[in-house]
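One structure is given here, and the rest of the page talks about it.
Derivation of every value follows stated rules applied to the coordinates shown; laboratory data play no part. In this text, all values refer to a predicted model and were calculated from it rather than measured experimentally. Here the Cβ is made from the backbone with ideal geometry for all residues, glycine too, and neighbour counts use every protein chain on show.
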Amino acid sequence: MPLILVLVECGLELIPKNIRDHPSVKKNFSSRIYSSQILDTALHHSAMKNLANSEKRGRPDITHLCLLNALGSPLNKSGNLKLFIHTINNRIFKINSEIRIARNYNRFKGLIAKLLIDNHIKVNGNQLISHFEGGLYSLINKIENPEIYLFSSKGELIKDNRDLFKDDPSKNIVGIIGGFQKSSFSEEILKLSNNMISISDYSLDAWVVISKIINFYELYHNII
Ligand SMILES: C[S@@+](CC[C@H](N)C(=O)[O-])C[C@H]1O[C@@H](n2cnc3c(N)ncnc32)[C@H](O)[C@@H]1O
């Protein structure tokens, strides 16, 4: 019954060493301030020009908005959402449904920097974000009887979104959403499923998509 969502290729990383001497990085960087250590295209755009795959990197704001939408939903509050984030550097983290994500963006960046350095976020012995050992394939392999949907504007358009979850109830629904602004899924992610679907005539922001999927699922399971 819980919906499993994986936000993939999120632009979350510490500022790579090879651009730490760039003026736009030096201007804000402090080894004492966690939030200043996260790559953020709004601050480091000119330093990022020569980074490979730069269109998917330095976007902690996208993950922030997705997490706020997902964790604040009735689906999550009712204990029916399992949420994972996968970073551009192939690290996977499981988000505890009880975490209260900072509303403030700088505080969120600080939390993510700490997560990437310590590999978990623990408060009073409570694991709020934990590291998943392994890649996306091992994550999927651990899920019993999964039905995997790759959400993409290039997928087959589902005209009536009420039909989206009308599948075999014995299956565990896994939704994969890109945590990036431009570009499409990597080859590795495309191999996870042939089931690529679109929920709109438009290319939407990831946080809108995550909200809509959660809402369809809530309506289908009568969670209000
Ligand atoms: C801003 S989009 C990435 C850009 C890309 N052109 C796209 O639409 O797939 C971020 C993510 O939102 C999801 N998404 C965006 N539009 C969608 C749509 N119409 N149907 C399903 N998923 C969508 C996809 O998972 C996508 O990776």
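Remark on the range 99-224: Rg and Dmax equal 16.6, 46 Å (Cα only). Roughly what % of DSSP beta bridges within the chain run antiparallel, to the nearest 5? So the antiparallel bridges amount to about 40 percent of the total. In this label model, Asp205 and Asn28 are separated by 1.8 nm, measuring between points 7 Å along each Cα→Cβ vector.
Rounded to the nearest 500, what is the 222 nm mean residue ellipticity of the chain from helices alone, with -39500 (n - 2.57) per DSSP H run of 4+ residues and division by all residues?
On the way: 8 runs with 67 residues, N = 224.
That calculation yields -8000 deg cm²/dmol at 222 nm.
Here's the picture: a label point sits 7 Å out from the Cα of Ser130 along the beta-carbon direction, and within the range 56-88 the residues with their amide nitrogen under 13 Å of it are 83. Legend: distances between Cα atoms for Lys27/Lys49; Lys109/Lys142; Lys109/Lys191; Lys77/Lys212; pairs beyond 19 Å are Lys109/Lys142; Lys109/Lys191. For the chain, the longest principal axis of the alpha carbon atoms and the long axis of helix 60-71 meet at an angle near 40°.
Once the Cβ-Cβ distance of Arg20 and Val123 is raised to the sixth power relative to R0 = 22 Å, the FRET efficiency obtained is 0.15. The alpha-carbon atoms of the range 163-213, seen along their principal axes, cover 34, 25, 16 angstrom, with the largest extent given first.
Placing a label point 7 Å from the Cα of Met1 along the Cα-to-Cβ direction, the residues of the range 58-80 whose backbone N falls under 17 Å from that point are 74-80. With r defined as the distance between the Cβ atoms of Tyr105 and Lys142 and R0 fixed at 25 Å, what FRET efficiency is calculated, to the nearest 0.05? So, using R0 = 25 Å, E works out to roughly 0.15.
Across the chain, counting alpha-carbon atoms alone, Rg and Dmax equal 17.6, 55 Å. With a cut-off of 14 Å between beta carbons, the residues surrounding Leu192 carry a summed charge of -2, where Lys and Arg count +1 and Asp and Glu -1. The long axis of helix 105-118 is offset from the longest Cα principal axis of the chain by roughly 90 degrees. For Asn145, neighbours were defined as the other residues whose beta-carbon sits under 13 Å from its Cβ, and their charges (Lys and Arg +1, Asp and Glu -1) total -2. In this label model, Ile224 and Ser78 are separated by 1.1 nm, measuring between points 7 Å along each Cα→Cβ vector. Extending 7 Å from Cα along the Cβ direction at Lys166 and again at Asn195 yields two label points whose distance is 1.5 nm.
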